[in-house]
Each structure stands twice: as structure tokens, then as C-alpha cells.
Amino acid sequence: MAVRPLVTLPDPLLKQASAPVRADEPGLKELARDMLDTMYDAPGIGLAAVQIGVMKRVVVIDLSKPKDEDGALAEGEKNPMVFLNPEIIWSSDELRVHEEGCLSIPDYYEAVERPDRVRVRYQDLAGETREIEADGLLATCLQHEIDHLNGVLFIDHLSRLKRERVTKRFAKAARRDTAA
Ligand code: NI
């Protein structure tokens, strides 16, 4: 198990696009495992590789709910999903609003409107090309994570005023940390 440090706002890496991966490239399975460990530890429901500083198009998601409301997921409750090179190939006209958060923007939540359903093409860890049609929370989560691979954060979907407010707050906190 390796929990890696999270990349947080205002780290410029979060604005960069990630590179395509191949399922058989060395270290990829370890990367996916570390991403899952980091996500479960946080805890969060999704993570893109850039969030641990690796600029590769890899996303992990687990929407399972722990039995114990405040507890962590037990091993048997986990349903880890790994997506290599995920891309949205269709999205619905109907929209869905969800209160989003991000492990790279700790303790900040805001409602974001996105398509309610998406079809995503990706490769699995065996290198098989697959498609998934998702709705609800999974659709929101996939779009949020695929955004990360393109250097886009959920705050980029908010009004400029809201985005600037949160960006300034995190920039200020980062300056305070380096000054201390
Ligand atoms: Ni995020």
C-alpha cells in the first residue's frame, strides 16, 4: 500500500493536460494501485493521476458507500474501477446538478451542472477497449475526472467571481505555508 501526497491548488500541474498511456507500460498497475490507496485514504470517490503528480491519463473511481457512515470502506465493500485514456464519446442534453468537491481543492464544495448521462470509451488494465454508459453520480464523477486529464478543474465550471474567490483563498494559504 502506498498513499502518495496529493497535488492541491494552486499547483500549476493541475492546469496541464496528461499524456496517453498504454496498459502494458511498466509501473502502470502499481500507479493504479497507489491511486486507489490514496483515494481510499483521503477518502474520496475519484482520483486522476495528475492529482498525485503523474501526468498520465489514468482515472480511478469507487462510489461504494461504507456501511458505517463515518467509517472507511472495508475490503469487501470496495468496487474499484480503473480507466485508462477515458474519453467522452456521447453526452445527454439533459443536465444534472451535483454538489462537487475535489481532493485537490480541500474543503470546498459547489454545485456544478453537467450532462446527466455520458458514454465513455476507455481501456482497462488488460488493455481491452471498453465502453460504459453512466448516469447520475458515476456520470458526474467520470466527467470531473476526465476534466482533470485535460487540465480542467470543477471550479472552472463556476462563475468567474466564485472561481477567483476560491483561487485567491488557496493562493493566499499557500503563501502563508511557505512563509511560515
Ligand atoms: Ni477532482
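The values are calculated or read from the model by the stated rules, or taken from the named source; none is laboratory data. As the structure is a computational prediction, the values presented were derived from the model and not from experiment. Cβ placement follows ideal geometry from the backbone for every residue including glycine, while neighbour counts extend to all protein chains displayed. All accessible areas refer to the heavy atoms of the entire protein, side chains included, with ligands and DNA or RNA removed. Shrake-Rupley method; radii C 1.70, N 1.55, O 1.52, S 1.80 Å.
Extent of the chain along its three principal axes (Cα atoms, max minus min coordinate, largest first): 46, 40, 38 Å. With a 1.4 Å probe rolled over the protein heavy atoms of all chains, the accessible area of Arg117, Arg130 falls in the order Arg130, Arg117, largest first.
A simple spin-label model places pseudo-atoms 7 Å from Cα toward Cβ; at Lys29 and Leu137 they are separated by 3.0 nm. Other residues whose C-beta falls under 12 angstrom from the C-beta of Gly101 contribute a net charge of -4, scoring Lys and Arg +1 and Asp and Glu -1.
Of the GluC sites (Glu not before Pro) found in region 78-180, the ones in coil according to DSSP and having at most 14 other Cβ atoms within 10 Å of their Cβ are Glu94, Glu128. Shape of region 50-111 from the C-alpha gyration tensor: rounded (a/c under 1.5, with a ≥ b ≥ c the square roots of its eigenvalues).
Overall, the accessible surface of the chain at a probe of 1.4 angstrom is composed of carbon and sulfur to the extent of 49 percent. Accessible area ranking (1.4 Å probe, heavy atoms, ligands and nucleic acids excluded), largest first, for His148, His157: His157, His148. Per residue, the solvent-accessible area of region 118-180 (1.4 Å probe, heavy atoms of protein chains only, all protein chains present) comes to 57 Å².
For region 107-121, the residues whose backbone nitrogen is under 17 Å from a point 7 Å from the Cα of Asp93, taken along Cα to Cβ, are 114-119. For Glu100, the amide hydrogen comes within under 5 Å of the amide hydrogens of Glu110, Ala111, Val112, counting only partners 5 or more places away or on other chains and with H modelled in the peptide plane.
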